[in-house]
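*Asks:* Pasting a structure here, questions to come.
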Amino acid sequence: MHDSYISKEVEDKLRKLWTDEGIYKFDSESKKQVYSIDTPPPTISGLIHMGHVFSYSQADFVARYKRMRGFNVFYPFGFDNNGLPTELLVEKNNNITAEKVGREKFIELVEKETKKYEDIYKDVWTHVGISVDWSLLYSTISKEAQITSQRSFLELSKLNRVYRKETPTIWCPKCKTAVSQMELKDKMVKSKFVDIRFKDDVIIATTRPELLPAVVAIFVNPNDEKNRKHVGKLVRVPIFGQEVKVFADSRVDPKKGTGIVMCSTFGDLTDIEWYKAYDLDLKIEMDDKGRMLNEYFKGMSVKEAREKITEDLKEKGYVLGDKSIEHSVNSHERCGTEVEFLVKKQWFVKYLDMKKDLIDLGNKLKWHPEYMHVRYDNWINGLQWDWSISRQRYYGIPFPVWYCKKCDEPVLAEESELPVNPMETMPKKKCAKCGSAEFAPEYDIMDTWMTSSLTPLINTRFWLDNPRKNVYPMSLRPQAHDIISFWLFTTVVKCYLHTGKVPWSDVLISGHGLDKHGKPMHKSLGNVVEPLPVIEKYGADALRHWASLSRLGEDASFQEKDVISGAKLVNKLWNVAKFVSKNSSENIKKSNNVVDRWMLSKTMELIKNVTMEFESYNSAGAKRLIDEFFWSFCDNYLEFIKYRIYGNGDKPDYILSHVFFAILKMMAPFLPYVTDEIYLELYAKDEGKKSIHVTDWPKYEENLIDGNSLETGDKILRIISYIRQWKHARKMALNAEIQKLEIEGDLEDGMEDIAGAMKIKNVLKGIGEEEVPGTGIRIRIVA
RNA sequence: GGAGGCAUAGUCUAAUGGUAGGACGGCGCCUUUACACGGCGCAAGCCUGGGUUCGAUUCCCUGUGCCUCCACCA
């Protein structure tokens with residue numbers, strides 16, 4: 001074996017070997033039980049950082065463990081290139097807009113561009129040692145994903161789970177599209193809170209006086225002593241003159257403004273809630289571009305209209321005062337425009353009636369950690385609207401739908417036509433309702449969650465040629481906690497509707513990888529740590545060591561010192577391997593030595609405990625046990641056996657090699673490179689496997705546990721530690737010779753081992769002077 | 001505003017109903033044939049207040065601080 005371990009060389013070599021030998025390949029012919037993982041497809045946005053390494057490593061620990069437990073592991077990878085971040089990236093890199101080049105062409109460009117990033121991403125993931133089978137790669141804009149999404153829509157339609165309805169929608173007047181809640185960001189703006197007198201004692205403070213023509217009701221809090229007398233009365237709106245009713249609703253904050261709120265259709269989300277809850281009139285006072293419709297200020301922008309109406313109100317004496325405020329408003333993250341609420345026809349997935357089922361489904365999942373389950377339940381209990389799935393965006397997967405030009409009846413595509421772009425293809429049939437053959441395409445596209453919610457079905461090729469058997473329901477969904485309410489939730493909804501089953505048996509929720517101060521990594525904060533330079537410097541195993549330290553579900557800050565510890569651990573493993581390689585033999589006789597039996601017993605206990613931790617998805621716990629054991633193995637056991645190796649005692653070769661092999665295997669999911677390199681050097685020849693990652697997990701043999709040796713070993717360790725302190729107090733080297741050790745008390749075995757480890761010429765039963773704490777044994781040391 | 005998580009030496013963290021283990025850093029000793037990228041040792045810590053208990057860092061409540069998600073922002 002080489003004197004020192006050079007991570008870069010070994011990693012380059014092993015990456016190639018793993019690929020060439022297909023170590024991580026899913027075997028579709030195998031009869032072995034499948035363990036399938038619904039890997040999160042990272043967004044193609046041009047950036048990978050330690051946060052990704054952190055969460056993907058945690059899933060990889062599980063994958064590698066399961067592989068060694070004999071499962072046929074289905075571990076795919078995907079790229080999410082169907083969404084705004086990718087769209088923006090591709091537009092920027094090519095200096096184009098999706099709309100100008102056309103959808104088909106743009107998707108081609110995305111796929112080309114994605115390929116570049118795929119190569120970069122794949123390079124990082126393979127360097128990190130994520131053991132996915134790259135032949136299972138998918139992308140969320142691919143033809144397969146399009147077929148799956150569109151088919152899903154058709155199926156939901158058969159189930160009467162989709163409907164189209166005119167409803168208030170978050171709208172960007174500049175981009176002229178509906179936007180999802182996720183595409184909004186808060187923006188602080190300066191604004192004026194104007195007090196407007198409707199009636200003598202009905203004064204309303206508003207920042208949106210231009211919405212007066214759209215006012216349809218007035219609200220006060222039911223507990224508001226001062227204002228509740230107005231409830232049920234009719235009040236006339238200044239200038240526009242419509243009479244509206246006053247309602248009581250707890251959503252009104254009596255302390256804010258005057259405690260009286262006007263409700264217009266629509267100023268904000270509360271207005272929409274009230275509109276729905278009280279069945280209010282609908283007054284559309286704004287067009288797609290954010291221009292006012294009312295004759296009073298027709299064609300003006302929101303801002304112009306606001307100025308004009310404020311002036312007029314002042315002139316006519318309706319304004320009692322105003323106050324400058326700064327408040328946050330929702331704006332479109334892409335262009336910064338303040339969003340409005342317009343009434344538009346949108347497609348919805350109906351699921352509000354499924355709340356109880358969805359809660360039940362959540363109960364069927366095994367959540368790791370368990371407390372993450374609450375977030376899922378909370379989300380469902382708080383749902384107020386069905387899932388709006390249409391977007392008036394350009395880039396994405398189209399709805400497989402046309403509308404009859406005569407009667408507006410929707411016509412759905414045939415399954416055999418998928419994927420279909422209704423803007424380019426027309427239906428081959430006539431309108432079922434009126435017989436017309438003239439159709440207009442649906443121009444909207446589907447929300448990206450419509451596609452990403454289908455990853456288990458994309459993975460299993462549910463509606464595609466050559467569907468994969470035994471993959472679904474999948475075994476594991478690993479993901480971070482921030483998207484429980486989106487990705488996890490929507491996947492449960494869709495997979496349940498399509499398959500009647502919950503899509504996985506276990507859910508593994510990881511935290512975020514943060515910078516060293518505990519802040520999220522963001523390009524704009526300049527705190528992004530990229531994985532490859534760290535791998536270059538310390539090795540991939542060292543980096544994975546960092547990822548293996550924190551408790552499941554907890555965020556972890558990136559500490560370089562933890563990577564350094566990892567590098568030291570790797571180095572230590574290598575050095576022990578050298579020691580083992582020099583001192584191993586074919587000798588497999590059972591040892592009667594108490595220290596050997598102690599070591600073997602401890603190893604069995606370790607296997608049992610580590611396995612238990614892995615089975616409960618606590619890989620950090622497993623890693624801790626192994627690390628602790630390994631360091632003790634080095635510092636104690638190896639010191640105990642050297643005298644026998646270098647002297648004439650019973651050679652402990654077999655135990656040494658056997659125990660180290662068990663440690664190595666249990667380390668393998670975490671440190672795949674160094675463990676495999678050592679395996680190939682030391683053990684592969686006997687076992688005949690091509691990689692440690694396809695060997696069997698160490699076997700727990702209860703009959704090897706010897707209670708007596710465990711007790712004795714513990715005592716011996718305490719005595720050793722005591723003698724070490726004794727030597728230290730005399731500034732002696734640890735290997736300095738001691739003449740004599742007298743032991744008084746209950747210790748039958750291990751005298752020779754103490755003598756050997758501590759270089760004591762003569763260890764004998766005798767009269768002790770000092771008690772070794774925790775042993776009940778007294779000793780006397782004679783220098 | 002709602003929900004959830006976290007709070008342990010200078011820093012990062014672990015376990016635990018009977019006063020705490022590790023890592024980095026600090027100090028000191030040891031060039032021992034796997035390893036000085038090492039070994040051994042020393043100093044240094046349980047956020048505030050209340051409750052349950054013979055006893056709480058651990059369980060419960062409260063406050064405070066940090067983080068995440070959701071909602072609001074008339």
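*Asks:* Would you work out which of A:Ser524, A:Met262, A:Ile626 lies farthest towards the positive end of the dipole of chain A? Charges go on Cβ: Lys and Arg +1, Asp and Glu -1.
*Replies:* A:Met262
*Asks:* What is the Cα centroid distance between the range A:480-524 and the range A:541-583, reported in whole angstrom?
*Replies:* Result: 27 Å between the Cα centres.
*Asks:* Report, by chain and number, residues whose modeled amide H sits under 5 Å from the one on A:Phe79, excluding near sequence neighbours (fewer than 5 apart, same chain).
*Replies:* Answer set, sorted by chain and number: A:Tyr138, A:Ser139, A:Thr140.
*Asks:* Helix-only estimate, please: 222 nm mean residue ellipticity of chain A, summing -39500 (n - 2.57) across DSSP H runs of length 4 or more and dividing by its residues, to the nearest 500.
*Replies:* Taken over chain A, the calculation gives -12000 deg cm²/dmol.
*Asks:* Could you tell me how far the Cα centroid of the range A:721-772 sits from the Cα centroid of the range A:590-641, in Å?
*Replies:* So the separation of the two Cα centres works out to 25 Å.
*Asks:* Let me ask you something else. When the convex hull of the Cα atoms of the range A:564-718 is projected onto a plane and the area is averaged over all directions, what value comes out in nm²?
*Replies:* 9.3 nm²
*Asks:* Farthest toward the dipole's positive end in chain A, which of A:Ile359, A:Leu747, A:Trp125, given Cβ charges of +1 (Lys, Arg) and -1 (Asp, Glu) about the Cα centre?
*Replies:* A:Ile359
*Asks:* Would you please classify the overall shape of the range A:518-559 from the alpha carbon gyration tensor, given that a ≥ b ≥ c denote the square roots of the eigenvalues, rounded means a/c under 1.5, and beyond that prolate means a/b larger than b/c while oblate covers the rest?
*Replies:* oblate
*Asks:* Provide the FRET efficiency to the nearest 0.05 for the A:Glu770-A:Lys537 pair, computing r from the beta carbons and using R0 = 35 Å.
*Replies:* Calculated value: 0.15.
*Asks:* Take every Cα pair under 8 Å in the range A:179-322 that's 6+ residues apart, average their separations, divide by the length, and report that relative contact order as a whole percent.
*Replies:* Once divided by the residue count of the range A:179-322, the mean separation gives 27 percent.
*Asks:* Using modelled backbone amide H atoms (1.01 Å from N, in-plane), which distant-in-sequence or interchain residues come within less than 5 Å of A:Lys199's amide H?
*Replies:* Those lying under 5 Å, H to H, from A:Lys199: there are none.
*Asks:* Still on this structure, please answer the following. For A:Ala437 and A:Lys689, what is the calculated FRET efficiency with R₀ set at 45 Å and r taken between the beta-carbons, to the nearest 0.05?
*Replies:* Taking R0 as 45 Å, the efficiency between A:Ala437 and A:Lys689 is 0.10.
*Asks:* For the range A:258-347, just say rounded, prolate or oblate: build the C-alpha gyration tensor, square-root its eigenvalues into a ≥ b ≥ c, call rounded for a/c under 1.5, and beyond that prolate if a/b exceeds b/c, oblate if not.
*Replies:* In terms of gyration-tensor shape, rounded.
*Asks:* Show the residues, 5+ positions off or on another chain, whose built amide H is closer than 5 Å to the amide H of A:Asn527.
*Replies:* Those lying under 5 Å, H to H, from A:Asn527 are A:His522.
*Asks:* Moving on to the next point. Compute the distance in nm between two label points, each set 7 Å from the Cα along the Cα-to-Cβ direction, one at A:Ile359 and one at A:Lys233.
*Replies:* Between A:Ile359 and A:Lys233, the label points sit 4.2 nm apart.
*Asks:* Could you give the length gained by full extension between A:Glu9 and A:Asn575, i.e. 0.36 nm per residue of separation minus their alpha carbon distance, to one decimal place?
*Replies:* Extra length available between A:Glu9 and A:Asn575 comes to 202.1 nm.
*Asks:* While we're looking at this one, here's another question. Using the Karplus curve 6.51 cos²θ - 1.76 cosθ + 1.60 with θ = phi - 60°, work out ³J(HN,Hα) for each residue of the range A:548-557 in order, rounded to whole Hz, and write x for Gly and Pro.
*Replies:* So the J values, rounded to whole Hz, are 8, 7, 8, 4, 4, x, 8, 5, 10, 7.
*Asks:* How high is the relative contact order of the range A:491-640, given as a whole-number percent (alpha carbon pairs under 8 Å, six or more residues apart)?
*Replies:* Contact order relative to length: 20 percent.
*Asks:* Just the ratio, please: alpha-carbon radius of gyration of the range A:372-477 over 2.2 N^0.38 Å, N its number of residues.
*Replies:* Cα Rg divided by the expected 2.2 N^0.38 Å: 1.38.
*Asks:* Right, here's the next one. Could you state the angle between the C-alpha long axis of helix A:619-632 and the longest principal axis of the C-alpha atoms of chain A, as a value from 0 to 90 degrees rounded to the nearest 10?
*Replies:* Once rounded, the angle reads 20 degrees.
*Asks:* What length, rounded to one decimal in nm, is gained on full extension from A:Glu99 through to A:Met612, with 0.36 nm per residue of separation minus their alpha-carbon distance?
*Replies:* Between A:Glu99 and A:Met612, full extension yields 179.2 nm more.
*Asks:* Per residue, how much space in cubic angstrom lies within the convex hull of the C-alpha atoms of the range A:430-509?
*Replies:* 135 Å³
*Asks:* I need the fraction of alpha carbon pairs in the range A:462-501 separated by more than 16 Å, rounded to a whole percent.
*Replies:* Looking at the range A:462-501, the distances longer than 16 Å represent 46 percent of pairs.
*Asks:* Alpha carbon centre of the range A:1-65 versus the range A:430-468: separation in Å?
*Replies:* Each part's Cα centre sits 33 Å from the other's.
*Asks:* A further question on this structure: How large is ³J(HN,Hα) for each residue in the range A:41-49, as worked out from phi by the Karplus curve 6.51 cos²θ - 1.76 cosθ + 1.60 (θ = phi - 60°), to whole Hz, x for Gly and Pro?
*Replies:* x, x, 5, 7, 9, x, 8, 10, 9
*Asks:* Let me ask something additional. Measure nothing fancy, just the Cα-based angle from helix A:7-21's long axis to the longest principal axis of chain A, in degrees from 0 to 90, nearest 10.
*Replies:* 70 degrees
*Asks:* How large is ³J(HN,Hα), in whole Hz, for each residue of the range A:759-764 in order, when computed from phi with the Karplus curve 6.51 cos²θ - 1.76 cosθ + 1.60 and θ = phi - 60°, using x for Gly and Pro?
*Replies:* Result, rounded to whole Hz: 6, 10, 5, 9, 10, 8.
*Asks:* Below 8 Å between Cα atoms, with a sequence gap of 6+, how large is the relative contact order for chain A in percent?
*Replies:* 15 percent
*Asks:* Counting just the Cα atoms, what span does the range A:528-646 cover along each of its three principal axes? Round to the nearest Å and put the largest first.
*Replies:* 54, 32, 21
*Asks:* May I pose another question? Using only Cα atoms, tell me the angle between helix A:84-94 and the longest principal axis of chain A; keep it within 0 to 90° and round to the nearest 10.
*Replies:* 90 degrees
*Asks:* Using the eigenvalues of the Cα gyration tensor, what equivalent ellipsoid semi-axes result for the range A:6-74 when each is taken as the square root of five times the eigenvalue, whole Å, largest first?
*Replies:* In descending order the semi-axes read 23, 19, 12 Å.
*Asks:* Additional query: Can you tell me the alpha carbon radius of gyration of chain A divided by the globular rule-of-thumb value 2.2 N^0.38 Å?
*Replies:* 1.25
*Asks:* Now, a different point. Any idea what the dipole of chain A comes to, in debye rounded to 20, about its Cα centre with Lys/Arg Cβ at +1 and Asp/Glu Cβ at -1?
*Replies:* 780 debye
*Asks:* Quote the FRET efficiency, to the nearest 0.05, computed for A:Lys519 versus A:Asp377 with a Förster distance R0 of 22 Å and r equal to the Cβ-Cβ distance.
*Replies:* Plugging the Cβ-Cβ distance into 1/(1 + (r/R0)^6) gives 0.15.
*Asks:* For the range A:649-724, what does the alpha-carbon gyration tensor say about shape, rounded, prolate or oblate, given a ≥ b ≥ c as the root eigenvalues, a/c under 1.5 as rounded, and a/b over b/c as prolate?
*Replies:* Since a/c reaches 1.5 and a/b is larger than b/c, the shape of the range A:649-724 is classed as prolate.
*Asks:* Return the subset of A:Lys16/A:Lys690; A:Lys105/A:Lys523; A:Lys185/A:Lys523; A:Lys112/A:Lys185; A:Lys105/A:Lys405 for which the Cα-Cα distance in this structure is over 19 Å, preserving the input order.
*Replies:* Beyond 19 Å: A:Lys105/A:Lys523; A:Lys112/A:Lys185; A:Lys105/A:Lys405.
A short reminder: the numbers here are calculations on the coordinates, not readings from a lab. Here the structure is a predicted model, which means the values were calculated and not measured. No Cβ is skipped: glycine too gets one built from the backbone with ideal geometry, and neighbour counts run over all protein chains shown.
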